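> This is the structure, below, for whatever I ask next.
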Amino acid sequence: MKVITLFLFLFIILIPIVNAGYDYGYEFGYVNMNGIQAIVTLYNISLQPGSPPISIQQNVCLNLNGSEILVQNVIIPLILTATNQYEINWVNSVFYNGSYHTFSYSFVVGNTFNLTTVWVNSSDKLVITFYLSNCSTSLNRTYVLYGNYIGVVYSGYDAGTVIVGFRNGATADFVKGFNVSIQEFYRYDNSWYVPPVAYSGYSNTGESATNGYAYFYDGKVWVIYGNASTQMLYNFSVIIVNNTIFTFPKGSLWLSDGNFFTDSIPLKGNLIISPFYYFNYSFSTKKQILLKFNNYTVVDGIKGKAFYLPSSENVYIRENGKCVMEFINQSNVNQREGANPMKLLFVIVVIIAGILSLLYYKMIRK
């Protein structure tokens, strides 16, 4: 047992090296937060023969005393049991003062795991607590660091939960059948919200993976076998149905005249709304563009046939089990409507009728 524990402590030390692949998963940045939560479900872990095992890493960088503190909450699936569950090792680490401070726990079994990391600061210390749950067993581990906490470090899209190799810069290699879902939240003011923008593929750790692809659907990012590098999984969006404004993604935090809201708000006058985000971006919520469908369609998570947009923007249409981004402006709405086969048939019939009428008129005159 001592040998196994020592091995776990050694292999989790994440030494950044040249990244040979990508970090597939649910990455985000630029929100004011003091916690990350990810609900990870392991459906199938299919790897190339000889590939290193994967690790699923929840990573964030914090600034303490002007220095970056790498905070990692990690599970390593190692064994598929006879009941088709995965036996995992749980490892968490905090890198500060030039070294990793690490804790590990072995032999947790399940298919769905809740990885949560929260941090609370006072005048002279930062308390970081890691949590793991498999729906029946709950574990936690706390680190106390003394000094002046400044905030989350965002050098890019480097916070979130990613699937990569398991140690020392290892690169895992996915094959057909790989399937893991990640549902992600960030913590603000003691509540949990969905990040307003999400990416996959950016490097936020020394490990990486190849032959992966990620997509967003029904509140989860699905990581499967494919051929993708960096991807934008979704961006914030707004639609208006009847007299209600709906925001996307569902569960994200928004502002209206300084007041917080999530998911929807009544359309009253000329509201200005914006996602809770470090970047200044806002929507003036007027019914500017009408997007119509012949059949019921899910746009930005809302089912209907007619949607108004406040401006030209990307919306997310549910197609074949994925949220597919489509840029909508007045020009392509007109093209869409012009390509309607019934309208086209009507135009053709009118033209033919006109030609026949003209011929008939000429015959009468003769």
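The values are calculated or read from the model by the stated rules, or taken from the named source; none is laboratory data. Keep in mind it's a predicted model, so treat the numbers as computed, not measured. No Cβ is skipped: glycine too gets one built from the backbone with ideal geometry, and neighbour counts run over all protein chains shown. Just the protein is used for accessible areas: all its heavy atoms, side chains included, with ligands, DNA and RNA removed. Shrake-Rupley method; radii C 1.70, N 1.55, O 1.52, S 1.80 Å.
> Any residue at all in the stretch 154-167 that is part of a loop (DSSP other than H, G, I, E, B) and open to solvent by less than 20 Å² (accessible area, probe 1.4 Å)?
Checking the stretch 154-167: at least one residue is part of a loop (DSSP other than H, G, I, E, B) and open to solvent by less than 20 Å² (accessible area, probe 1.4 Å).
> Among the residues that make up the stretch 170-183, is at least one of them surrounded by 17 or more Cβ atoms within 10 Å (Cβ to Cβ), at pLDDT 95 or above and within 20 Å of LEU253 (Cα to Cα)?
Within the stretch 170-183 (the criterion being surrounded by 17 or more Cβ atoms within 10 Å (Cβ to Cβ), at pLDDT 95 or above and within 20 Å of LEU253 (Cα to Cα)), the answer is yes, since at least one residue qualifies.
> Turning to a different aspect of this structure: Among the residues in the stretch 45-56, are any in contact with a helix residue (DSSP H, G or I) (Cβ under 9 Å, 6 or more places away or on another chain), open to solvent by less than 50 Å² (accessible area, probe 1.4 Å) and in a strand (DSSP E or B)?
Taking the stretch 45-56 first, the residues in contact with a helix residue (DSSP H, G or I) (Cβ under 9 Å, 6 or more places away or on another chain) are none.
Looking through the stretch 45-56, none of the residues is in contact with a helix residue (DSSP H, G or I) (Cβ under 9 Å, 6 or more places away or on another chain), open to solvent by less than 50 Å² (accessible area, probe 1.4 Å) and in a strand (DSSP E or B).
> A follow-up question, please. Filter the stretch 140-151 down to the residues that are part of a strand (DSSP E or B) and open to solvent by less than 30 Å² (accessible area, probe 1.4 Å), then identify the one that is farthest from GLY251 (Cα to Cα).
LEU145
> Being under 30 Å from ALA306 (Cβ atoms) and open to solvent by 40 Å² or more (accessible area, probe 1.4 Å) narrows it down to one residue among ASN235, ASN211, ASN190, ASN243; which is it? Full working, then the answer.
Working: ASN235 fails: open to solvent by 40 Å² or more (accessible area, probe 1.4 Å); ASN211 fails: under 30 Å from ALA306 (Cβ atoms); ASN190 fails: under 30 Å from ALA306 (Cβ atoms).
Going through ASN235, ASN211, ASN190, ASN243 in turn, just one is under 30 Å from ALA306 (Cβ atoms) and open to solvent by 40 Å² or more (accessible area, probe 1.4 Å): ASN243.
> So, PHE260, is that one part of a strand (DSSP E or B), open to solvent by 30 Å² or more (accessible area, probe 1.4 Å) and of a type in the set (Phe, Trp, Tyr) or not?
In short, yes.
> I want to confirm something. Restricting to the stretch 74-105 and keeping residues that are part of a strand (DSSP E or B), at pLDDT 95 or above and hydroxyl-bearing (Ser, Thr, Tyr), which single residue is most open to solvent (accessible area, probe 1.4 Å)?
TYR105
> Return yes or no: is GLY160 in contact with a Gly (Cβ under 8 Å, 6 or more places away or on another chain) and under 16 Å from LEU233 (Cα atoms)?
Criteria met by GLY160.
A quick yes/no check of all residues on (1) open to solvent by 80 Å² or more (accessible area, probe 1.4 Å); (2) assigned to a loop (DSSP other than H, G, I, E, B):
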{"site": "LYS286", "(1), (2)": "yes, yes"}
{"site": "LEU291", "(1), (2)": "no, no"}
{"site": "ASN295", "(1), (2)": "yes, no"}
{"site": "VAL298", "(1), (2)": "no, no"}
{"site": "GLY304", "(1), (2)": "no, no"}
{"site": "TYR308", "(1), (2)": "no, no"}
{"site": "ILE317", "(1), (2)": "no, no"}
{"site": "CYS323", "(1), (2)": "no, no"}
{"site": "PHE327", "(1), (2)": "yes, no"}
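> Residue check: is ILE224 assigned to a strand (DSSP E or B), open to solvent by 20 Å² or more (accessible area, probe 1.4 Å) and on the phi < 0 side of the Ramachandran plot?
Here the answer is yes, as ILE224 does meet what is asked.
> List the pairs whose first member sits in the stretch 310-333 and is within 20 Å of SER282 (Cβ to Cβ), whose second member is among the acidic types (Asp, Glu) and open to solvent by less than 30 Å² (accessible area, probe 1.4 Å), and whose Cβ atoms are under 8 Å apart, counting only residues at least 6 apart or on separate chains?
VAL315/ASP300; TYR316/ASP300; PHE327/GLU313; ILE328/GLU313
> Has the stretch 143-162 got at least one residue that is of a type in the set (A, V, I, L, M, F, W, C), under 30 Å from LEU47 (Cβ atoms) and modelled with pLDDT under 95?
yes
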